[in-house]
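The values are calculated or read from the model by the stated rules, or taken from the named source; none is laboratory data. All values reported here derive from a predicted model rather than from experimental measurement. All Cβ positions, even for glycine, are placed from backbone atoms using ideal geometry, and neighbour counts span all protein chains on display. Note: accessible area is taken over every heavy atom of the protein model, side chains too, but ligands, DNA and RNA are not part of it. Shrake-Rupley method; radii C 1.70, N 1.55, O 1.52, S 1.80 Å.
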Amino acid sequence: MARAISRLLALAVLAAAPALAQEQHARWLDNTFRIDPSIREITLFIERETPSAPVVLIRPDGSKYYQQRHPDNISWVSTPSRDIITLWRPTPGPWQATGKVNAERGISLLSLFRLELEPLPPVLFQNEVVKLGAWLKHDDTVVDAAYYLDGLSLDARLLSPAAGAPEPEQRFEQAPIHIGAFADDGTGLDEYPGDGKLTAEVVVDALPGNYLFQAQATNRVLARAYEQEVLIHPMPLSLSFSTPSDERQWRIDLALDSNLEPDSLEIIGQLFNPLEQRADVTGRGKSITLPPAIQPGNYRFQGRAFATTVTGREIQIALPEQVVRVAAPAVARKAPAAVQPWWKNPIIQLGTGMAAALLLAVAAFLWWRRRRSGKG
């Protein structure tokens with residue numbers, strides 16, 4: 001009778017499975033998952049290829065459970081595409097499901113022990129910076145015991161659909177894009193160490209498109225995951241650098257798209273000159289004055305933009321590092337001196353005058369002698 005009631009309860013859960021709010025879903029490596037010692041009861045939702053035989057469940061000690069052969073502390077209901085398995089007081093450790101497990105939907109776990117995250121905005125921008133909080137909870141109690149959180153790794157990542165794959169056969173790539181890590185140590189954006197709230201600064205460093213956001217917490221005794229579909233829009237602003245003037249003054253010019261309020265833009269950053277000397281840069285609006293570009297060479301700018309979207313959401317954008325080469329200032333050249341004709345040279349003119357005077361003197365002398373000779 002007890003097993004019959006369990007089967008009826010499992011069938012009821014099967015019908016309601018898509019709407020379960022506390023479902024913990026993950027794409028487990030080799031369909032292996034861990035059950036931690038705190039779990040008294042857990043339900044597995046295993047999606048299979050259609051049609052296929054029920055999976056085989058392998059316990060941590062290597063023994064196997066089958067849909068047609070398992071102990072009384074297990075309730076197992078199967079359809080052509082799904083297994084729903086409820087375990088009471090399961091053995092802690094790594095379990096594995098073998099069979100034609102659906103590569104996209106995989107294995108979902110439902111238990112009182114769950115991972116809770118502040119949801120991401122459904123629409124994000126490329127290079128947007130988001131602060132996220134996460135909690136591990138047992139029932140409604142935040143877990144902050146060192147036994148559970150010691151060695152805990154909680155990473156944020158994006159899974160992107162394989163290019164060109166049609167729906168619904170679309171599969172997610174195996175290499176996720178790591179965009180942040182959570183910590184409860186009072187560093188970075190985490191406010192209080194050891195309070196059970198894990199905090200991450202997530203930088204959405206990915207190309208525009210549709211993604212599956214996943215945060216997965218793992219350590220030696222537990223594994224939980226949170227997933228959310230997100231849409232990433234192109235970065236809503238771009239920047240360019242003006243050419244330095246003769247006085248070496250220059251600026252950053254920013255162009256905003258229609259997603260941002262034009263008057264809401266604030267820029268905070270640093271400019272490094274070719275000598276790697278840093279100057280702080282701050283400004284408001286679409287034109288930001290930069291420190292004078294005295295030294296020729298490569299300048300590096302890095303910073304963040306703060307703005308308000310047209311929907312009223314405050315956002316922060318990590319601006320990609322920009323490298324700008326500044327040329328040396330042009331040197332004004334003197335006009336070449338005009339070349340005088342040789343006959344206008346004062347020395348030549350003086351010499352010419354003296355030669356002419358000498359010739360006149362010689363001519364006068366010869367004329368005087370000839371005349372004197374004639375009279376004699």
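Conditions tested, residue by residue: (1) in a loop (DSSP other than H, G, I, E, B); (2) modelled with pLDDT of 90 or more.
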{"position": "Q174", "(1), (2)": "yes, no"}
{"position": "G180", "(1), (2)": "no, no"}
{"position": "G188", "(1), (2)": "yes, no"}
{"position": "E191", "(1), (2)": "yes, no"}
{"position": "L207", "(1), (2)": "yes, yes"}
{"position": "N210", "(1), (2)": "no, yes"}
{"position": "F213", "(1), (2)": "no, yes"}
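Here is a yes/no grid of residues against (1) at pLDDT 90 or above; (2) farther than 28 Å from A134 by Cα:
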{"site": "A10", "(1), (2)": "no, yes"}
{"site": "P18", "(1), (2)": "no, no"}
{"site": "T79", "(1), (2)": "no, yes"}
{"site": "T98", "(1), (2)": "yes, yes"}
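Looking at region 230-264, which of the residues that are charged (D, E, K, R) and either touching a residue at least 60 places away in the same chain (Cβ under 8 Å) or under 14 Å from Q126 (Cβ atoms) (or both) is surrounded by the most Cβ atoms within 10 Å (Cβ to Cβ)? Here the answer is R248. Among the residues of region 269-311, the ones that are out of contact with any Leu (no Cβ under 7 Å at 6 or more places or on another chain), among the hydroxyl-bearing types (S, T, Y) and either farther than 26 Å from P121 by Cα or surrounded by 19 or more Cβ atoms within 10 Å (Cβ to Cβ) (or both) come to 3 in all. No other residue among P90, P119 is open to solvent by 10 Å² or more (accessible area, probe 1.4 Å), under 30 Å from T187 (Cα atoms), assigned to a loop (DSSP other than H, G, I, E, B) and not hydrophobic (A, V, I, L, M, F, W, C) apart from P119.
If we keep just the residues of region 52-87 that are aromatic (F, W, Y) and open to solvent by less than 40 Å² (accessible area, probe 1.4 Å), which is farthest from R34 (Cα to Cα)?
Residue satisfying both the conditions and the ranking: W76.
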